[in-house]
Amino acid sequence: MLDYSSLLLAAALSGTCLSITLFAIWCTAPQARFVLTVACGILVLVAHVVLFWHYARHPSPWLCQIVLALLSLGLLTLCLSAMQYLGVHEYRRAILPTLAAMAVCAGATSLGFDGVGFIVTYATVTALLSLIGVMFWIKGGHDRRILLVVSFLSGVCALSFGLCGAVLLVKANGCSALRPTTGPNG
């Protein structure tokens, strides 16, 4: 039977293999810098998955900050790689809001409000994935069928993170889910 830990391990292993493959591809075509950026973004997400597994077993505010920062940073890196690929040079439009959201998240989780941190991060990731999908749909100059698939997949991923954040908000029920964590001893 497949358990949660096995799924996270599989995600980390496949992400690592994909990142190594992309790095090897970049070595054969160094002019395609976006491939290296994608490989780096995936490695950041692999680190997120590994630390999220640890956080799920032993929650703490500082580990929560790191886990959520890695998720935002990994998706920001993937967004920047899409911008590189498509020739969009307005990096600040993605970087500044993401860094601001990461600061809000760090502040909330440092006070023990992990739920707020997850909601802010999921909203950030939803926005980044939506931006990727929109950029590929609007800016792409390739076969529209391929761009439709990339845009659709980005949209579905954005929707999944948005729904996760919405569930956290709904489950808050009077903000009880947003209260500070008390630690392992309750």
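The values are calculated or read from the model by the stated rules, or taken from the named source; none is laboratory data. Bear in mind the structure is a predicted one, so any value in this text is a computation, not a measurement. Here the Cβ is made from the backbone with ideal geometry for all residues, glycine too, and neighbour counts use every protein chain on show. Note: accessible area is taken over every heavy atom of the protein model, side chains too, but ligands, DNA and RNA are not part of it. Shrake-Rupley method; radii C 1.70, N 1.55, O 1.52, S 1.80 Å.
Assorted remarks:
- Taken along the Cα-to-beta-carbon direction at a fixed 7 Å, the label points for Gln31 and Thr16 span 3.4 nm.
- Top of Thr21, Thr98, Thr109 by mean-square fluctuation, Gaussian network on the chain, Cα under 10 Å: Thr21
- Whole-number accessible area per residue in Å² for the stretch 1-75, which is evaluated in the context of all protein chains at 1.4 Å: 58 Å²
- For the stretch 120-163: relative contact order, % (alpha-carbon pairs under 8 angstrom, 6 or more apart): 55 percent
- Extension reserve of the Leu8-Ser60 stretch, reckoned as 0.36 nm per residue once the Cα distance is removed: 16.8 nm
- Between Tyr91 and Ile146, the contour length at 0.36 nm per residue exceeds the Cα-Cα span by 17.4 nm.
- Candidate membrane-span-like segments in the chain, meaning DSSP H helices with Cα atoms spread over at least 27 Å of their own axis and a Kyte-Doolittle mean of 0.5 or above, are 4-28, 33-57, 61-86, 114-139, 144-172, with no membrane implied.
- Across the options His54, Gln65, Thr126, the greatest Cα extent toward the positive end of the charge dipole of the chain (unit charges at beta carbon of Lys, Arg, Asp, Glu) belongs to Thr126.
- Among Leu129, Leu78, Leu148, residue whose mean-square fluctuation peaks in a GNM of the chain (springs only between Cα atoms under 10 Å): Leu148
- Of Gly107, Gly87, Gly155, the one that fluctuates the most in a GNM where the chain has Cα springs shorter than 10 Å: Gly87
- Each Lys and Arg adds +1 at its Cβ and each Asp and Glu adds -1 at its Cβ; summed about the Cα centre, the chain shows a dipole of about 260 debye.
- Under the criterion of Cα pairs below 8 Å and six or more residues apart, the relative contact order for the stretch 1-60 equals 42 percent.
- Within the accessible surface of the chain, defined with a 1.4 Å probe on protein heavy atoms only, the carbon and sulfur portion equals 73 percent.
- Furthest towards positive pole of dipole, Thr109, Leu75, Ala10, structure part the chain, Cβ charges: Leu75
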